[in-house]
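> After the structure tokens below, expect a handful of questions from me.
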Amino acid sequence: MTCPAQELALVNFVALEFTNQKNGVRGELVGLGRSGHPAWCPVLALINRVKHLRINRAPPTLPLYSYHQYHWQSITTTTLTTHLRHTVTAIGAQFGVAPSDISIRSLRSSGAMALLCAKVDTDVIRLLGTWRSDEMLRYLHVQSFPLLAPLAPQMLRHGAFTLMPNLPME
């Protein structure tokens, strides 16, 4: 809340503290950098949240997920899911997504899937998602086109091999 406006516009990395996570770890920080996209950038979204809080003279301890409409209110997971589903109703068909496919709780697994499709190592995905086990693998869709499309040609190119004969056991 004390960062000058001109410096706020230059921010390129943010860290969010989650006080109540599904994995039970409190106070963990998750860092996000700029995406390079004017509309789909986590850093720009956070800058806009800070601006909203400043314009409405928010108390310094107010959570980022608050908004002002006559009085301060908290954004709930139900509200976020409703807004996501309205957006999917408007534009989701072109991407093969139905409103029932989306909830606020699906964002974490969707992010992990996007990273997997970008060929990010699963250990890195696990670290970024703060998964403490291989539970993350349950959320990844291995039938994703970006993952499967190159496999058939690779199998054809690298499928010619011979097996070594079994050697007698001594």
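The values are calculated or read from the model by the stated rules, or taken from the named source; none is laboratory data. The structure displayed is predicted, hence computed values, not measured ones. Glycine also receives a Cβ, built like all others from the backbone with ideal geometry; neighbour counts cover every protein chain displayed.
> Between 43, 50, 88, 11, which is in a helix (DSSP H, G or I), over 17 Å from the mean Cα position of the chain (by Cα) and of a type in the set (A, V, I, L, M)?
The match here is 50.
> Look through the range 97-109, keep the residues that are small (Gly, Ala, Ser) and surrounded by 13 or more Cβ atoms within 10 Å (Cβ to Cβ), and return whichever of them is modelled with the highest pLDDT.
Step by step, filter the range 97-109, then rank; the result is 103.
> Select from the range 114-149 the residues that are outside any helix (DSSP H, G or I), modelled with pLDDT of 75 or more and loosely packed, with under 10 Cβ neighbours inside 10 Å and list them in ascending order.
Once the filter is applied, which keeps residues that are outside any helix (DSSP H, G or I), modelled with pLDDT of 75 or more and loosely packed, with under 10 Cβ neighbours inside 10 Å, the range 114-149 yields 118, 119, 133.
> Just one of 63, 42, 38 is surrounded by 11 or more Cβ atoms within 10 Å (Cβ to Cβ) and at pLDDT below 90; which is it?
Criteria check complete, one pass: 63.
> Let me ask another. How about the range 20-57: which of its residues are of a type in the set (S, T, N, Q) and either touching a His at 6+ places or on another chain (Cβ under 7 Å) or under 18 Å from residue 107 (Cα atoms) (or both)?
Those that are of a type in the set (S, T, N, Q) and either touching a His at 6+ places or on another chain (Cβ under 7 Å) or under 18 Å from residue 107 (Cα atoms) (or both): 20, 21, 23, 35, 56.
> If you go through the range 50-70 one residue at a time, do you hit one that is touching a residue at least 24 places away in the same chain (Cβ under 8 Å), touching a helix residue (DSSP H, G or I) at 6+ places or on another chain (Cβ under 7 Å) and either closer than 22 Å to residue 17 by Cβ or not hydrophobic (A, V, I, L, M, F, W, C) (or both)?
So far as the range 50-70 goes, yes, one or more of its residues are touching a residue at least 24 places away in the same chain (Cβ under 8 Å), touching a helix residue (DSSP H, G or I) at 6+ places or on another chain (Cβ under 7 Å) and either closer than 22 Å to residue 17 by Cβ or not hydrophobic (A, V, I, L, M, F, W, C) (or both).
> I'd like to verify a number: residues in the range 76-96 that are surrounded by 15 or more Cβ atoms within 10 Å (Cβ to Cβ) and either touching a Leu at 6+ places or on another chain (Cβ under 9 Å) or not basic (Lys, Arg) (or both), how many?
Total satisfying the criteria: 5.
> Go through the range 151-170 and count every residue that is modelled with pLDDT of 75 or more and not in a helix (DSSP H, G or I).
Of the residues in that region, 0 qualify.
> Against the conditions (1) farther than 26 Å from residue 136 by Cα; (2) of a type in the set (S, T, N, Q); (3) in contact (Cβ under 8 Å) with a residue 24 or more places away in the chain, where does residue 6 fall short? Just the number, please.
(3)
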